[in-house]
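Derivation of every value follows stated rules applied to the coordinates shown; laboratory data play no part. Keep in mind that this is a model prediction, so the values were computed, not measured. So basically every Cβ, Gly included, is an ideal-geometry build from the backbone, and we count neighbours across all protein chains shown.
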C-alpha cells in the first residue's frame, strides 16, 4: 500500500463516465489488483454494464491516459419509496492512494446525484479499517446507525485477513448534513488495529466481536456514529442522537 509520502498525486485527473466494454474490463482489472479477489468474488464487467444502464454511476479516474481509480454505484429504493444510490465499490490503485482521488470521485458521485434530485448515497465499510472510517465520517460527514455481521461471508480478498466481513452502513446525506445532538458516548479501537489484523488474528477477532456488540447496542438505543477522533494509541467512534430527518 502506498503511503502519504510515496503516493502519486495527479495534477488534474480526468474523471469520466465509463460506458464501453473495454473501460469496464479495465475497471475489473483494477478491482482485482486492489483486493486480490478470486474470479468468483469479482464484480464482472456485465455488472458494470447493468449499473450504467439502470440509473447507476460508473466513473473512472485517468492519469496519463491510464485508468487508476473507479467508483460504481447502483440505484436503490427505500421502503417508503424514496430513491437513493448504493455506492458498491470505490477503488484506487495502491500507488495513487492518499492522492485525493477517492474524494474527487465521491464529489463526482455527489454532484451527479444532486443533479438527479437524489439526496442520499450509502455504502458499506469495514469498521476496523479506521482510515476508511475517518474518510467516510470525518471527511465526508457520513453517519452510521446500522451494523451487519459477516455481511458478505468469507471472501478471497487479501485485505480481509480471514475475519468475518462485518460492515457498517455509511449514510451520506449530500444535500443537508444530518443534525445531531451532543456526543454522548464513544467506542474505542486500538490505533494499530491494522497491525493486529495482520499479526494477531485471534486478538483481532476478539476486538471485532466487541466492536459489533457495542455498535449494535448503541444503535438499538437510538444512537448513531456522528464523528470520529484519532489519537496516538486510540481511534474513537463518537456517538450521538440524530435530531432531524433521515430516519430509515
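Computed values, structure above
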item: Residues 239, 211 arranged by fewest to most Cβ contacts within 10 Å; result: 211, 239
item: Chain lengthening between residue 150 and residue 115 when straightened (0.36 nm per residue, less Cα-Cα); result: 9.1 nm
item: Residue-averaged 222 nm ellipticity for the chain, from DSSP H runs of 4+ at -39500 (n - 2.57), nearest 500; result: -8500 deg cm²/dmol
item: Relative contact order %, the range 114-248, counting alpha carbon pairs below 8 Å whose residues are six or more apart; result: 30 percent
item: Of 223, 140, 114, the one that fluctuates the most in a GNM where the chain has Cα springs shorter than 10 Å; result: 114
item: Extension gain, residue 86 back to residue 38 (0.36 nm per residue minus Cα-Cα distance, nm); result: 14.9 nm
item: GNM result for the chain, Cα springs below 10 Å: residue of 103, 167, 46 fluctuating most strongly; result: 46
item: Sorted by Cβ neighbour density within 10 Å, fewest at the top, the residues 221, 97; result: 221, 97
item: Volume per residue that the Cα convex hull of the chain spans, once the total is divided by residue count, Å³; result: 133 Å³
item: Three-way shape call for the range 80-166 based on the alpha-carbon gyration tensor, with the a/c threshold at 1.5; result: oblate
item: Using distinct alpha-carbon pairs, which all enter the 1/r mean, Kirkwood radius of the range 119-248 in Å; result: 15.0 Å
item: Evaluated at q = 0.24, 0.27 Å⁻¹: base-10 log I(q)/I(0), Debye formula over Cα of the range 47-129; result: -1.23, -1.39
item: Most mobile listed residue (55, 153, 162) in the chain, GNM with C-alpha springs under 10 Å; result: 153
item: Global form of the range 65-107, assessed from the alpha-carbon gyration tensor, a/c cut-off 1.5; result: prolate
item: Taking the chain and dividing mean pair separation by its residue count, relative contact order in percent (alpha carbons under 8 Å, at least six apart); result: 17 percent
